[in-house]
Each structure stands twice: as structure tokens, then as C-alpha cells.
Amino acid sequence: MGQALTLDERLTLPGDMGWLGYDPICNCQDFDNLVLENVAITRKDASHAEATVRFRPFRDRSESVTQTLSMMMENHRWVIDDIISEQDSLYQQLNASNQQTLAALSALQRPRPEDFIRTLYQHIDDNTWPWTWMVSPDYDQVINAYQHAVSRQDADRSSDGLLYHNPLCDCIATQPVRLNTLNVMESTLHRARVQVNVTIGKTAFTQEIVLQRIEDEWKIADVIRRQDGSLMAKMRAATARIEQQ
């Protein structure tokens, strides 16, 4: 379960809620004065246990919820490994969602870098794939460092383009994007540079996308814009400024 939740977090864009948009313990988004009605241990050994619980999420309402908590012993303590309700196993639902997203990401890959970039732009407004999964490990580390730095600030970051904009277009998913031209500047077995001209609304701009091939998949290693230079360097500098405050 922990690994599935971690993967879901990695597959979730900054600022988005992720698949688990509710409290799985109560199978609800909210509760008030939760009333525990019954707990029955249905299975237990040295390493695993199952407990069926019945409770009312709201004290002043008669509706009750019954769930089975599947637990395992980890480092001398019990941890919840799955929650089974009338709908389904929480782990199975979460894992199915993760696999569906991974399949959508895999379907975007192409052998040639120009075809890969063209495919990304064709699906740029498709919310089934997170652009953060398409970046190289170094780029991902820079994004995580910046996100961690800004999370310690009280300022509203909802309009932060470095964090929330797709670097392929410097835009959010709802904005119309058109790929005008694409030129391969460099292409080797493990690296490529692709220059694109893109129009967002009525504004056109040119940028260079640096690609790195890792385990037979193309990853975005950096985006270089004429006005701003390297996007990864810009994010590193912004992180350093925040940490010095």
C-alpha cells in the first residue's frame, strides 16, 4: 500500500490532489464526532491481521459504514496494508489507477525524438498523463527541491509558473496550444535537442527541448527559452533564493 501511495504521489502534478481524494479510514471526505460501533478481529497471526469495523461518521446520523482493515506487522508495529469496503479493495483501486496512468505515459513514447516531442504536443491537453513523469531524474530532483522550498512559505503559489505550468508550453492544460514548427538540432543514441515554435492563444515563441534517453525512454532533461535561458537553472536559482531568506 505504501509503495502504491508513493507512486500515486509521483504521478500527481504539483498542486493536484491525487487519486486518494478522501479519508480511507472512514471512506468519506469528512466526518464529525465519529462513533465506533463494533470491532471484530477476523484473522490474526504473528505478521498479519484483519479487523472488521463498523462506525457512524456522524454522531447525529444513523448511517453506518463497515470496512475491513487488512494489517501487517512492520518494525514491531501494525500498519494498514489495505482497506476493503463494499466498493472494492483500496489497494486494488489505487494500483489500477496507477497502472492506467503508466500505460498512458508509455503510449506516448516514440523511437525518434522528433516523433516523441510531436506526440507530447498532440496530447498536451490530455489530463491522463502528468508531465512531471516525463522529466529526467536530475530535472525531477530540481522540481522536488523547488516544491519543498516553496511549501515552507506562506505566500500563495497558485500562479507560480515554475511549479504549475507544463514546461513544453509554459501553460496550464486548459490553454489551447499549437505546435508550428519542429527542428532536430542534435540527435544521438542517448541525447537529443529539439527546437520548437509554439503558439499559445495569440502568442508564439521558440524554445529548445533537451532530451535524454534513459532505459529506452525519452525524458525531458531541460527546456531552454530565448528570453529566460535554461528552465532547470532558473528553478535552481529560485530555490537558492528562497532558502537564503
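The values are calculated or read from the model by the stated rules, or taken from the named source; none is laboratory data. Just so we're clear, the structure is a prediction, and the values are computed from it rather than from any experiment. Cβ atoms come from the backbone with ideal geometry, glycine included; neighbour counts cover every protein chain shown.
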- Query: Looking at Ala221, is it surrounded by 17 or more Cβ atoms within 10 Å (Cβ to Cβ) and at pLDDT below 90?
  - Reply: no
- Checklist (1) without any contact (Cβ under 8 Å) to a residue 24 or more places away in the chain; (2) of a type outside the set (A, V, I, L, M, F, W, C); (3) farther than 27 Å from Pro111 by Cβ applied to Thr239, failing item: (1)
- Task: Restrict the check to region 159-166 and report whether at least one residue is closer than 17 Å to Arg118 by Cα and not basic (Lys, Arg).
- Result: yes
- Message: If a residue must be surrounded by 12 or more Cβ atoms within 10 Å (Cβ to Cβ) and part of a loop (DSSP other than H, G, I, E, B), how many such residues does region 23-32 contain?
- Response: 5
- Message: So, in region 7-22, how many residues would count as being in contact with a helix residue (DSSP H, G or I) (Cβ under 9 Å, 6 or more places away or on another chain) and assigned to a helix (DSSP H, G or I)?
- Response: 3
- Message: Quick check on Thr128: is it β-branched (Val, Ile, Thr) and either under 19 Å from Phe205 (Cβ atoms) or assigned to a helix (DSSP H, G or I) (or both)?
- Response: no
- Note on the structure: Subset of region 191-204, residues over 26 Å from the mean Cα position of the chain (by Cα) and touching a residue at least 24 places away in the same chain (Cβ under 8 Å), comes to Gly201, Ala204
- Out of the residues in region 7-42 that are modelled with pLDDT of 85 or more and hydroxyl-bearing (Ser, Thr, Tyr), state the one that is farthest from the chain's Cα centre (by Cα). Thr42
- Any residue in region 163-190 that's closer than 15 Å to Val223 by Cα and assigned by the TED database to the domain that holds Leu231: show its pairings with residues that are crowded, with 17+ Cβ neighbours inside 10 Å and acidic (Asp, Glu) at Cβ separation under 7 Å, as long as the two are six or more apart or on different chains. Met185/Glu208
- Item | Test for Trp78: is it surrounded by fewer than 16 Cβ atoms within 10 Å (Cβ to Cβ) and either outside the structural domain of Val150 (by the TED database) or hydrophobic (A, V, I, L, M, F, W, C) (or both) | yes
- Note on the structure: Per the filter on region 103-118, residues part of a helix (DSSP H, G or I) and exposed (fewer than 15 other Cβ atoms within 10 Å of the Cβ) are Ala103, Ser106, Ala107, Asp115
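Among Ala4, Ala46, which is of a type outside the set (Lys, Arg), outside any strand (DSSP E or B) and modelled with pLDDT under 90?
Ala46
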